[in-house]
1. Are there any helices (runs of 4 or more DSSP H) wholly within region 95-194 with 2 or more residues that are assigned by TED's automatic domain parsing to the domain that holds residue 61 and closer than 30 Å to residue 55 by Cα, and if so which?
2. State the number of residues belonging to region 539-550 that are assigned to a loop (DSSP other than H, G, I, E, B) and modelled with pLDDT of 90 or more.
3. Consider only pairs whose beta carbons are under 7 Å apart and that are at least six residues apart or on different chains; among these, list those whose first residue lies in region 91-116 and is under 21 Å from residue 190 (Cα atoms) and whose second residue is in a loop (DSSP other than H, G, I, E, B) and among the polar types (S, T, N, Q).
4. Looking only at residues in region 529-538 that are in a loop (DSSP other than H, G, I, E, B) and within 19 Å of the chain's Cα centre (by Cα), which one is surrounded by the fewest Cβ atoms within 10 Å (Cβ to Cβ)?
5. Mind counting the residues in region 94-148 that are among the β-branched types (Val, Ile, Thr), within 19 Å of residue 17 (Cα to Cα) and touching a helix residue (DSSP H, G or I) at 6+ places or on another chain (Cβ under 7 Å)?
6. With the condition kept exactly as written, say whether any residue in region 505-528 is in contact (Cβ under 8 Å) with a residue 60 or more places away in the chain, among the aliphatic types (A, V, I, L, M) and part of a loop (DSSP other than H, G, I, E, B).
7. Inspect region 25-40 for any residue being buried (at least 24 other Cβ atoms within 10 Å of the Cβ), in contact (Cβ under 8 Å) with a residue 24 or more places away in the chain and not in a helix (DSSP H, G or I) and give the result as yes or no.
8. Considering only residues that are under 23 Å from the mean Cα position of the chain (by Cα), surrounded by fewer than 16 Cβ atoms within 10 Å (Cβ to Cβ) and part of a helix (DSSP H, G or I), which ones fall in region 419-468?
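The values are calculated or read from the model by the stated rules, or taken from the named source; none is laboratory data. Since this is a predicted model, take the numbers as computed values, not measurements. We place every Cβ from the backbone using ideal geometry, glycine too, and count neighbours over all the protein chains shown.
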Amino acid sequence: MGLMAGVLLDVEPEDFVTSSSSASSAARAAASAGSRLRSALSGSTQMAGSDPAGLKWAAQYDQVAADAVRGLDSLETVLGQVSAGLAVTGLNYATADWLSAGHSGYAPGYSVPSLPGAICSSPPPSSAGGSRKSSIPGFEYVANFIGEMWPDGDTGKLHAAKSAWGSFADDLDSIRSGDITRIKSGLDGNHTPELPTIDSTITSIGTAAGKLADEARNLATACGKLATEIDHVHQQTEQVLNSLVEQLAATAAVGIGLTIFTAGLSDGAAALAGGGEIAAAVARILGFIAELGTNVARVVDDIAVSAGSIAKVAGISEQITIRVVTIAGKSVVTGVGGAFTNVGVQEIVDPGTDINAAAVQGFVGGAAFGVLADGARLAGTALGARDAAKAVETARVSDFKADIKSWSAARGSAGYKPYGDLGEKKWFKTYFQGFDSHGYAEWKWPDGWKGFLNGDSVPNQLQVGDRITRLSPVGRDGSFATDPGTAFEAMSLPPDRLAPNYVQTEYEVLKPLPPYVREGAIDPGFEQSGLGKQYFFPNKMKPLVNAGYLREAP
């Protein structure tokens, strides 16, 4: 294939189909890895114990383990969608040649793919809980004194979970070095406008798979460390109780012997001696447990660090947009009602994209990956559709700009400049990415993970009585909050957040928040100053309100 809108093309459509097969293979491998992981973890219920240290470990582990499964679901979803995007790109290039040669319909030997739906698997069972029992001989002497402090986690289950997470990490490494690498290498030698975007997309997926593997190994380490700590306490306790049983037996024997000569008065003395020995044993065992608590707290902190990295992976399917848009025939069908006719392009939308978005993004090649590739002109028939759709889109954007001006004047602070020093036209070109299927603006957000400066965050330092503020649409939960009084410019938000349907809600902290709630400086974006402090709630804020950690301030 030759020139397209002034760009030199060197394309083998079959290569895109080959890469699509590699992406599909990677998606299937991810599904198999997830199935093996869930099967291996199915017996991990109540492995952490019901003691305070075990429950604390379980609360953090359960959250991160669930996020890891969501992360794999996200990888599987996006790999399946990338497979469809690559397939339709190959189809489009082959069909463009086919139409240019005077034929009609799709190029023979190619088929129209469909976008797979989002994968949503069940999380692993909760690791919290235990039997509060021990088979160590002599434990009955101290059980009532130690009570719920006894570390009753199941070390066999913990070691099995360690093995499961380790094998899962190995599976991810294999997928990354195998099929994901082949997705990119299959396109070597091709030169098209969308290839840099495809390359960037596949690189992001490979990086996400690598991060998930790293954090899976961290979870494996956490399971192994907890098992080691529990085993250590049990071994130390067994030594103490063996000694205690021997001492009690000796004390009882002495008491019996003395009774012969003291008319039974020595029985009380023997009982007192036994009580002292039990108290000493209990004190030593509680010391072992206290040391375990300190060591497990460090493991919990390590798991909390993993939470942020895994959350990045879990969001990758939301960060990558794939559209299935094909060329053929002489009509445009939106798939969402209504049609443009006699313009020489047929759009197959799956799911929910409208003709405006397809026209702005381009019909051939880059349509799948959101890159403008004016290939419809090569087929010689699509110019009318593109111009018609652009006219609709231009009017829509013009109204949106007028709204921004009105909102900024009504709710912005004195001196607020919605476009910074960039100017409206360049600002929109830099940050605005169109409208979604519900009519909401889509934006190019700052590069930092979850909006944190350089992607850096730490477990929150909020104290009981502190207050935080959330800005979100009326009636909607949110994942981000700031300190009260934070200037809008310091939040690095686009100006549509000044619309009347966005309101601020203040919350009071009732008890220390879990460490997976992160805090850090806000990455500057949208030509605003940023650098305010933000708090990120991976599971949104309402669950913590329901659990009694937060309440809406009066």
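1. 155-175
2. Total satisfying the criteria: 5.
3. 91/326; 92/326
4. Taking the candidates together, the pick is 538.
5. The number of residues fulfilling the criteria is 1.
6. Within region 505-528, not a single residue is in contact (Cβ under 8 Å) with a residue 60 or more places away in the chain, among the aliphatic types (A, V, I, L, M) and part of a loop (DSSP other than H, G, I, E, B).
7. no
8. 454
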